[in-house]
Number of protein chains: 2
Amino acid sequence: LTIAYDGSDFAGWQVQPGKQTIQGMLQRALRRITGHQVHVVGSGRTDAGVHALGQVASCTLEWRDTAARLGCALNAHLPETIVVRQAIDAVDDFHAIRDAVAKRYRYQLQFGGPRDVFDYRYRWFLRGAVDVEAMRDAAARFVGRHDFVSFQAAGSARKTTTRHVHHCEVIEQAAVVRGVTEREPGRTAAARYLAIEVEADGFLYNMVRILVGTLVQIGRGKHPPTRMDELISARNRDLAGPTAPPHGLFLVRVDYAQGSITPSGTT
Amino acid sequence: LTIAYDGSDFAGWQVQPGKQTIQGMLQRALRRITGHQVHVVGSGRTDAGVHALGQVASCTLEWRDTAARLGCALNAHLPETIVVRQAIDAVDDFHAIRDAVAKRYRYQLQFGGPRDVFDYRYRWFLRGAVDVEAMRDAAARFVGRHDFVSFQAAGSARKTTTRHVHHCEVIEQAAVVRGVTEREPGRTAAARYLAIEVEADGFLYNMVRILVGTLVQIGRGKHPPTRMDELISARNRDLAGPTAPPHGLFLVRVDYAQGSITPSGTT
């Protein structure tokens with residue numbers, strides 16, 4: 001299942017007693033459709049407030065119709081904040097976590113300008129000016145195979161903290177077009193809308209949000225772009241920037257190796 | 001005060017005991033800033049879920065600084081879903097309801113295509129095809145000075161139900177650009193994004209939402225565009241379409257006569 005969701009009103013991906021979660025909503029919908037408890041395995045957890053354009057999850061169930069029809073049935077039972085974008089048959093031993101070969105995240109920011117009440121759930125709003133070129137320089141230094149332990153939330157326990165970052169880019173976005181916003185004359189010019197796109201073979205817990213907090217410090221001139229090299233070398237979480245808030249973060253895509261999903265390798 | 005708000009999480013404009021409302025949030029912010037209870041008068045109420053780009057409200061208070069600084073102070077005390085876009089001094093007898101000469105609303109719809117989890121708070125999502133030309137024809141028939149009692153929620157009591165509609169237009173919007181949505185290949189083509197813009201010297205209770213419900217019936221071919229003339233003539237609420245849901249509706253602008261706000265007539 002390829003799933004998009006607005007994480008604003010959920011306590012994250014993973015089932016938690018007494019809380020509304022994405023996984024919980026999917027499992028509830030599957031129970032209503034099949035009459036059975038079905039376990040849904042996601043490619044990874046997302047925190048409360050984090051959104052997804054292309055989360056991937058798998059499940060095993062008895063279903064006599066096509067996978068596409070299962071997707072339609074799920075959408076009829078899911079809230080307006082969760083949508084199944086694609087449903088396909090997978091090979092028997094497909095595993096949404098183990099078989100993932102890359103993930104891409106996007107983080108949206110705004111520096112200066114007026115607050116947009118219709119965008120606040122999807123973008124971190126910051127006051128003041130920003131040096132985008134310095135952020136771009138620092139982002140390029142994040143790419144490569146490194147030990148990213150400096151960019152891991154304290155208390156996490158992973159076997160290895162080495163990851164390969166394939167891509168890390170700071171993109172200047174055009175003024176947000178919702179068809180519903182009109183801004184005050186004279187204030188629009190000051191706003192800068194940025195998206196940070198980062199892709200890797202895997203991510204440590206809070207890695208993207210700590211990266212963003214660090215890039216914001218560099219964009220504000222607190223540190224030079226070379227700070228990024230120092231932080232990677234230091235292997236010390238205390239030196240990196242603060243963890244950016246969850247609501248600017250989107251899980252864009254999860255990639256799988258050819259053949260890991262379907263026998264023909266098509267997805 | 002010119003105010004924008006995301007109405008999703010509020011019980012509408014007007015103060016209600018035990019509920020979060022826009023007026024209540026503004027009055028709470030003013031109480032924190034001034035130490036006094038200040039009454040805020042809006043140009044009109046908006047229902048729960050209805051949004052505003054340019055609601056206008058006035059209040060009387062002791063304030064030794066500029067109006068613009070009051071606006072900044074308010075924004076520091078308001079939640080992220082409410083923003084004061086402009087604050088100016090008004091003449092002593094300004095009244096936000098009485099002095100309004102026109103209001104403009106926008107209603108956003110989507111026919112067909114994939115659900116967008118990031119747009120559902122701001123747009124009414126409908127399945128199936130739509131005849132936009134038929135809706136345009138019907139919308140043009142809504143313009144003029146008429147008794148709009150057929151388009152008033154049952155149980156309302158207004159002195160007169162005659163209003164002058166200056167403008168009523170169905171606009172086809174480009175695919176929603178959030179910088180965050182990516183749609184499935186092959187499904188995008190089917191989606192039609194529409195905005196209905198309507199301006200009048202005043203509106204009856206639920207008038208825009210009943211207009212939209214009626215235009216949707218016409219767009220789906222349930223009635224021909226001439227149905228609009230018949231409904232206006234009939235003066236019977238039971239004949240008009242259903243009330244469209246609140247979340248697609250935006251109060252865009254409130255206009256005041258030259259001189260009614262400031263002595264110089266500038267706003």
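A few notes on this one:
- Residue check for A:Val91: in contact with a strand residue (DSSP E or B) (Cβ under 7 Å, 6 or more places away or on another chain) and either in contact (Cβ under 8 Å) with a residue 12 or more places away in the chain or within 9 Å of chain B (Cβ to nearest Cβ) (or both): no
- Close pairs (6 angstrom Cβ cut-off, 6 or more residues apart or separate chains): more than 17 Å from B:Tyr105 (Cβ to Cβ) and more than 14 Å from chain A (Cβ to nearest Cβ) in the stretch B:1-28, surrounded by 20 or more Cβ atoms within 10 Å (Cβ to Cβ) and among the aliphatic types (A, V, I, L, M) anywhere: B:Gln23/B:Val40; B:Gln27/B:Val40
- Hits in the stretch B:112-126 (condition: open to solvent by less than 30 Å² (accessible area, probe 1.4 Å) and either outside any strand (DSSP E or B) or in contact with a Ser or Thr (Cβ under 7 Å, 6 or more places away or on another chain) (or both)): B:Gly112, B:Gly113, B:Pro114, B:Asp116, B:Val117, B:Phe118, B:Asp119, B:Arg121, B:Tyr122, B:Arg123
- Scan of the stretch A:70-87 for residues that are of a type in the set (A, V, I, L, M) and open to solvent by less than 70 Å² (accessible area, probe 1.4 Å), ordered by number: A:Leu70, A:Ala73, A:Leu74, A:Leu78, A:Ile82, A:Val83, A:Val84, A:Ala87
- Some residue of the stretch A:90-111 being open to solvent by 60 Å² or more (accessible area, probe 1.4 Å), part of a loop (DSSP other than H, G, I, E, B) and among the acidic types (Asp, Glu): yes
- Members of the stretch A:162-218 that are at pLDDT below 95, away from every other protein chain (no Cβ under 12 Å) and touching a Leu at 6+ places or on another chain (Cβ under 9 Å): A:Arg192
- Scanning the stretch B:29-46 for residues that are within 27 Å of B:Arg64 (Cα to Cα), among the small types (Gly, Ala, Ser) and in contact (Cβ under 8 Å) with a residue 24 or more places away in the chain turns up B:Ala29, B:Gly42, B:Ser43.
- Restricting the search to strands (runs of 3 or more DSSP E) fully inside the stretch B:1-82 and requiring at least 1 residues that are touching a Lys or Arg at 6+ places or on another chain (Cβ under 6 Å) gives B:2-5, B:51-59.
- Residues of the stretch A:213-251 satisfying the condition of being more than 16 Å from A:Ala139 (Cβ to Cβ) and assigned to a strand (DSSP E or B): A:Phe250, A:Leu251
- Of all the residues in the stretch B:127-150, those that are open to solvent by less than 30 Å² (accessible area, probe 1.4 Å) and out of contact with any strand residue (DSSP E or B) (no Cβ under 9 Å at 6 or more places or on another chain) number 2.
- Exactly one residue among B:Ala4, B:Ala48, B:Ala11, B:Ala67 is small (Gly, Ala, Ser), out of contact with any Gly (no Cβ under 8 Å at 6 or more places or on another chain) and crowded, with 16+ Cβ neighbours inside 10 Å, and that residue is B:Ala11.
The values are calculated or read from the model by the stated rules, or taken from the named source; none is laboratory data. Please read these numbers as outputs of a predicted model, since none were measured by experiment. Note that we place each Cβ from the backbone using ideal geometry, even for glycine, and neighbour counts take in every protein chain shown. Protein only, heavy atoms only, side chains kept; ligands, DNA and RNA dropped before computing areas. Shrake-Rupley method; radii C 1.70, N 1.55, O 1.52, S 1.80 Å.
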